[in-house]
Amino acid sequence: MPSIAGAVGGRLFWVHRGVTWCRPRRCLLPLQLPLFSSLAAAAGGGGAPPHLPVVIVGAGPVGLVLSFLLTKFGIKCAVLDKNVEFTRHPRAHFINNRTMEIFRKLDGLAGDIENSQPPVDLWRKFVYCTSLSGSILGSVDHMKQEDFDKVISPISVAHFSQHKLVDLLLKKLEGIGFQTYLPDEIGSSTQDLVLENKILMGHECSSIQLTDDGILVGASFNNAGRMQERKIHCGLLLGADGARSTVRELAGINMKGQKDLQKLVSVHFLSRDLGKYLSRERPGMLFFIFNPDAVGVLVAHDLEHGEFVLQIPFYPPQQMFEDFSTKVCEEIIVKLVGWEPTDVQVLDIKPWAMHAEVAEKYIGCNNRIILVGDAAHRFPPAGGFGMNTGVQDAHNLAWKLCLLQNGVASTSIIQTYESERQPVAHFNTELSVENFKAAMSIPATLGLDPTVANSVHQVINSSLGSIIPRNLQKTLLEGLFSIGRAQLSDYVLNEKNPLGSSRLARLKSILDEGKSLQLQFPAEDLGFR
Ligand SMILES: Cc1cc2nc3c(=O)[nH]c(=O)nc-3n(C[C@H](O)[C@H](O)[C@H](O)COP(=O)(O)OP(=O)(O)OC[C@H]3O[C@@H](n4cnc5c(N)ncnc54)[C@H](O)[C@@H]3O)c2cc1C
């Protein structure tokens with residue numbers, strides 16, 4: 001059971017065994033506040049929708065961490081997720097110090113991650129190369145002795161795939177009584193349904209309605225081929241429903257910042273052959289690969305098991321997502337590997353867009369709706385701040401709701417969630433954009449400036465888009481890109497070629513001076529308050 005302590009409104013408080021106590025010492029009494037207590041006590045019946053203090057929309061890492069912390073703090077909640085299965089396509093993999101510190105308090109989750117993650121020597125480096133078996137242009141080791149000596153934090157950063165983290169979180173939640181249900185496992189009637197400690201998969205939050213004492217959530221689900229809506233009444237609706245949050249939209253909260261910095265196709269694949277080869281020859285976490293036939297960033301999620309995600313730049317509408325068939329992706333993989341692994345198994349291909357935006361408000365609808373995680377902010381993944389910031393949002397919000405439920409704090413404490421977490425998101429957005437630029441400085445140095453590629457793409461979109469057919473635009477765009485990639489040929493990129501040698505020297509100085517993409521940001525990771 002996590003215990004927390006702190007000070008609110010000049011009073012000292014501490015939480016132990018789910019009960020909040022407050023000084024002065026003379027009156028050690030558990031406190032109550034109407035907002036939560038009336039709802040907590042209420043139950044469905046007489047045809048009324050069931051009541052819960054909190055409904056969380058989204059069973060991603062942030063929604064699951066939040067449900068765990070709230071439950072441990074004695075706040076009853078249920079989680080809704082629109083998908084019937086948890087996604088296996090990994091995105092996040094880097095867990096920073098502060099998140100690991102929070103995970104230490106989640107029934108030993110941090111220890112489980114440490115025991116299950118790949119050995120650090122397999123992921124401490126970023127490698128820059130012409131192919132996975134071709135020349136290494138440079139590499140950066142991101143671990144220092146002080147990380148192993150645990151100088152700045154009692155726990156190290158980790159490399160552990162998001163889908164495996166979700167599996168561990170589900171186990172922890174099971175351990176405290178949570179169960180996962182599909183619509184046909186709980187039936188269509190909501191009356192008398194006990195929702196507490198349930199994760200309802202296949203339930204999409206599709207409507208909200210403010211009531212006198214809470215919020216009525218409509219969750220659509222497929223019941224034997226027929227769409228139905230379940231109504232659930234709650235005190236607070238927490239939107240942990242990701243970058244394209246419906247809760248945010250229903251609450252009328254806008255995002256501010258830059259949209260569509262880059263579009264990519266993410267290819268999740270397995271190859272034990274490639275994993276074995278890289279473990280032996282050049283282990284690393286990220287491989288930035290540049291050659292005349294293809295460019296891409298390979299994330300080695302798990303070299304021992306040969307699990308990878310390849311990120312390929314994608315330029316719609318000239319390129320269509322459908323162009324990236326399994327066969328095309330396999331061909332790109334071979335071009336980037338430099339030899340043909342016989343066991344490549346493409347599991348999933350997904351398009352995604354990179355944004356740098358923060359919600360203009362984190363709290364809406366008279367304090368009844370609160371956004372957390374990607375629903376509140378979406379960053380470029382450079383530096384791995386997305387999930388980490390979301391988990392830290394969840395932690396900040398959970399202990400505050402605990403104080404609110406137990407009557408130690410007034411409703412105004414909810415506003416401090418926004419005033420504390422939104423500036424962190426703004427800061428991390430800027431930092432992630434800077435990190436993205438640092439990552440792009442390497443191809444730019446090699447003569448393949450992504451900003452030029454984006455400008456060419458924009459010119460084609462704006463000037464030729466309406467005049468020439470899409471196929472011709474595609475040929476033109478890909479022709480221009482292939483001319484650009486010719487800069488990466490061995491003929492140009494070698495020490496004997498004056499242009500190549502000056503580019504390689506510049507690349508070396510960027511890497512040596514620490515101006516390329518970094519993995520660890522201890523000041524930003526731990527240095528906020
Ligand atoms: C390539 C890549 C690499 C990344 N690497 C890192 C990294 O190393 N470290 C890091 O910290 N972050 C990283 N991130 C970011 C990280 O993946 C996200 O920040 C993280 O997934 C956010 O978690 P979340 O729970 O807020 O949202 P999500 O993981 O998006 O989960 C949202 C959930 O809500 C559900 N949902 C959506 N709408 C509804 C609805 N209407 N009703 C019910 N359910 C709904 C979805 O099905 C989903 O399960 C990376 C991202 C990318 C793209």
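The values are calculated or read from the model by the stated rules, or taken from the named source; none is laboratory data. This is a predicted model, so every value here is computed, not measured. Methodologically, a virtual Cβ is constructed for each residue, glycine included, from the backbone with ideal geometry; neighbour enumeration extends over all protein chains shown. For accessibility, only protein heavy atoms count, side chains too; no ligands or nucleic acids. Shrake-Rupley method; radii C 1.70, N 1.55, O 1.52, S 1.80 Å.
Tabulated results
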item	result
Cα-based shape type of the stretch 198-272, given that a ≥ b ≥ c are square roots of the gyration tensor eigenvalues and the cut on a/c is 1.5	oblate
Calculated from backbone phi, Karplus (6.51, -1.76, 1.60) coupling profile of the stretch 55-64 in Hz, x at Gly/Pro	10, 9, 9, x, 9, x, x, 6, x, 6
Accessible carbon and sulfur surface of the chain relative to its total accessible area, %, 1.4 Å	52
Protein-only accessible surface order, largest first, of 426, 163 at 1.4 Å	426, 163
Counting all C-alpha pairs of the chain, share separated by more than 36 Å (%)	37
Unit charges at the beta carbon, dipole of the chain: most positive-side option, 158, 247, 456	247
Heavy atoms of residue 77: accessible area, 1.4 Å probe, square angstrom to 10	0
Simple label model, 7 Å out from Cα along Cβ direction - residue 191 to residue 427, nm	5.3
HN-Hα J in Hz across the stretch 519-529 - Karplus 6.51, -1.76, 1.60, θ = phi - 60°, x for Gly and Pro	9, 10, 10, x, 5, 7, 5, 10, x, 10, 8
Long-range amide H partners of residue 137 with built H, under 5 Å	128, 129, 130
Probe 1.4 Å, protein heavy atoms only - accessible area per residue of the stretch 213-315 in square angstrom	37
Net lengthening on full extension, residue 467/residue 452 (0.36 nm per residue, minus Cα-Cα)	3.2 nm
With all protein chains modelled, accessible area of residue 515 [1.4 Å, Å²]	120
Per residue accessible area in Å² of the stretch 39-178, where ligands, DNA and RNA are left out and the probe is 1.4 Å	36
For residue 230, residues with placed amide H under 5 Å, excluding near neighbours	219, 220, 221
Label-zone membership for the stretch 279-300, site residue 139, 7 angstrom Cα→C-beta point, backbone N under 17 Å	279-290, 298-300
Phi-based couplings in Hz for the stretch 508-515 (Karplus 6.51, -1.76, 1.60; Gly and Pro marked x)	4, 5, 4, 5, 5, 7, x, 9
Proximal lysines relative to residue 496, as straight alpha-carbon distance under 27 Å, when same-chain residues fewer than 8 apart are discounted	335, 508, 515
By average C-beta atoms within 10 angstrom, highest first, the peptides 210-216, 275-281	275-281, 210-216
Taking the chain and dividing mean pair separation by its residue count, relative contact order in percent (alpha carbons under 8 Å, at least six apart)	18
For the stretch 302-452, size of Cβ-based charge dipole, Lys and Arg +1, Asp and Glu -1, in debye	700
Given charges at beta-carbon only (K, R positive; D, E negative), |dipole| of the stretch 230-377 in Debye	760
Only Lys, Arg (+1) and Asp, Glu (-1) charged, at Cβ; the chain dipole about Cα centre in debye	1180
Cα coordinate range in the stretch 354-404, projected on the principal axes (Å, largest first)	36, 21, 9
Options 69, 130, 93, ranked by Cα towards positive dipole end of the chain, top entry (Cβ charges)	69
Angstrom value of the Kirkwood radius, inverse mean 1/r, which spans all Cα pairs in the stretch 141-264	18.4
Overall form of the stretch 431-529 per C-alpha gyration tensor (a/c, 1.5; a/b vs b/c)	oblate
Ellipticity estimate at 222 nm from DSSP helix runs (n ≥ 4, -39,500 (n - 2.57)) divided over the chain, nearest 500	-10500 deg cm²/dmol
Two-site FRET efficiency, residue 121 against residue 150, from Cβ-Cβ distance with R₀ of 22 Å, rounded to 0.05	0.80
Nearest 10 degrees, 0 to 90: helix 386-405 Cα axis against the chain principal axis	10
